[in-house]
Ligand code: C2O
Ligand code: CU
């Protein structure tokens, strides 16, 4: 129980910090003059998809079947693959017994197409349909997922890849969505993290205990200053596992909905390379993949945006909802594998050497670089706190939990076309992968220190007790949400509304 005590102290500190930091701007915030957004050249092509959300008995591997939710009967759902500048028309039909929506994670869609219930649209009722239509402004690796009771619906399988090819030509690639499933040995989904807290399943607790342990692998520093792997879990070391705090973790790890020997290999051409588009679709788990033979892996893009300088690393440490594009190279003509090893389960993704080596086009980003906002006062302060007086845990932003069913006042209103600075202050002992809808974020400082390179992201990890400043070009008008992508945190209040007008 000692951990509870220290947790309470930290929670109090966080609440105090939040109480001092609450401030809201009544009108549009001042900012540097109109910044030109990248212009999207429309291709004139319309891509039409019909997507059906329905329950399905999903086979994770022969002999292990679970009651899942899926788009078009598969986990992940139908891959949506378009070209930058295409118009996309997706008609969602809801065959679930509960309302749902689709959110196009990381894709800068118009506000009414963003899929957030009560903010962008009414949730689609059982039996209902909704047509999403938008022009795709950015090339890269994105994904789509439910935004209604996301902690349950996404966990059950309502996600799919959304790949945008550059207009200059397709890149030969492989797409893998990573996930973890919390099941009993017969494949039955264990209901909620709250239920889990009351079970005595030691093996399941094992599957989550890893999140409270430091990783043994050498970590790597992302250019935005996030430490990945290694020390990344350090903030979790001082308290024992509490499912309401850390989110839902399961021991059955999947690549594209399959586990064990059912995982399909990735083909890398002999002497060549293949772009692996890696998506973390887990509720809360930060996945960590390494090459079985220890070779270095090269991250070339994060959240769909090309890195100015690619990163070579021994471990791909991918927080929830983030995407890494990774170049997999053939070194010696021998098959190899990517491995994730955790206490309660592991995942092996074989790499086969086959196919034709094609050209590997570069996919540089034309994202506008932010002006130097470091010394400017923030336009919005997002202090992350928690409230432990209610059960389950209530998470707050600036002392307020988000009301999922009701009206929420905007935390901040930004003038369209301005660069704004948002400051995240994490007063809790766990990391929060913060996601902004509708526009990208560029980290400009972590605890006051500028990062080694500047690039756009849609999820920025804010480590325990860390302050992170991000620059945002507020160029997409409407109401948007800003939330933690640990889905248990999100659904328990860690969300706020941002307005651009
Ligand atoms: Cu991927 Cu609001 O979420
Ligand atoms: Cu969080």
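The values are calculated or read from the model by the stated rules, or taken from the named source; none is laboratory data. Just so you know, these numbers come straight off a predicted model, no measurement behind them. Cβ coordinates were reconstructed from backbone atoms using ideal geometry, including for glycine residues, and neighbour counts include every protein chain displayed.
Against the condition within 26 Å of the chain's Cα centre (by Cα) and modelled with pLDDT under 50, how does residue 199 come out, does it pass?
no
Among the residues of region 445-475, write down those that are under 16 Å from residue 379 (Cβ atoms), more than 16 Å from ligand 2 (Cβ to nearest atom) and surrounded by fewer than 21 Cβ atoms within 10 Å (Cβ to Cβ).
Within region 445-475, just 445 meets the criteria.
Take the residues of region 108-119 that are within 18 Å of residue 440 (Cα to Cα) and touching a strand residue (DSSP E or B) at 6+ places or on another chain (Cβ under 8 Å): which is nearest to ligand 1 (Cβ to nearest atom)?
Ranking the candidates gives 116 first.
Working only within region 398-432, note down all residues that are under 24 Å from residue 101 (Cα atoms) and touching a helix residue (DSSP H, G or I) at 6+ places or on another chain (Cβ under 9 Å).
402, 404, 432
Consider residue 382 against the criteria (1) farther than 30 Å from residue 255 by Cα; (2) more than 16 Å from ligand 1 (Cβ to nearest atom); (3) touching a strand residue (DSSP E or B) at 6+ places or on another chain (Cβ under 8 Å): it satisfies all of them except one. Which criterion is unmet?
It fails just one condition, (2).
Filter region 127-156 for residues that are in a loop (DSSP other than H, G, I, E, B) and touching a strand residue (DSSP E or B) at 6+ places or on another chain (Cβ under 6 Å) and give the result.
Correct list: 128, 136, 139, 146, 147, 148, 154, 156.
In region 427-472, which strands (runs of 3 or more DSSP E) lie fully inside it and hold 3 or more residues that are more than 16 Å from ligand 1 (Cβ to nearest atom)?
Output list reads 441-446.
For residues in region 83-97 being crowded, with 16+ Cβ neighbours inside 10 Å and outside any strand (DSSP E or B), which is farthest from ligand 1 (Cβ to nearest atom)?
85
Quick check on residue 414: is it away from ligand 1 (no atom under 16 Å from the Cβ) and surrounded by 24 or more Cβ atoms within 10 Å (Cβ to Cβ)?
yes
Select, from 434, 425, 495, the only residue that is without any contact (Cβ under 8 Å) to a residue 60 or more places away in the chain, within 25 Å of residue 282 (Cα to Cα) and touching a strand residue (DSSP E or B) at 6+ places or on another chain (Cβ under 7 Å).
434
Quick one: residue 319 ticks every box in (1) within 29 Å of residue 497 (Cα to Cα); (2) without any contact (Cβ under 8 Å) to a residue 24 or more places away in the chain bar one, so which box is it?
(2)
Looking at 148, 212, 164, 154, can you tell me which residue is at pLDDT 50 or above, surrounded by 19 or more Cβ atoms within 10 Å (Cβ to Cβ) and within 16 Å of ligand 2 (Cβ to nearest atom)?
154
Just for region 484-500: of the residues that are part of a strand (DSSP E or B) and within 11 Å of ligand 1 (Cβ to nearest atom), which one is surrounded by the fewest Cβ atoms within 10 Å (Cβ to Cβ)?
495
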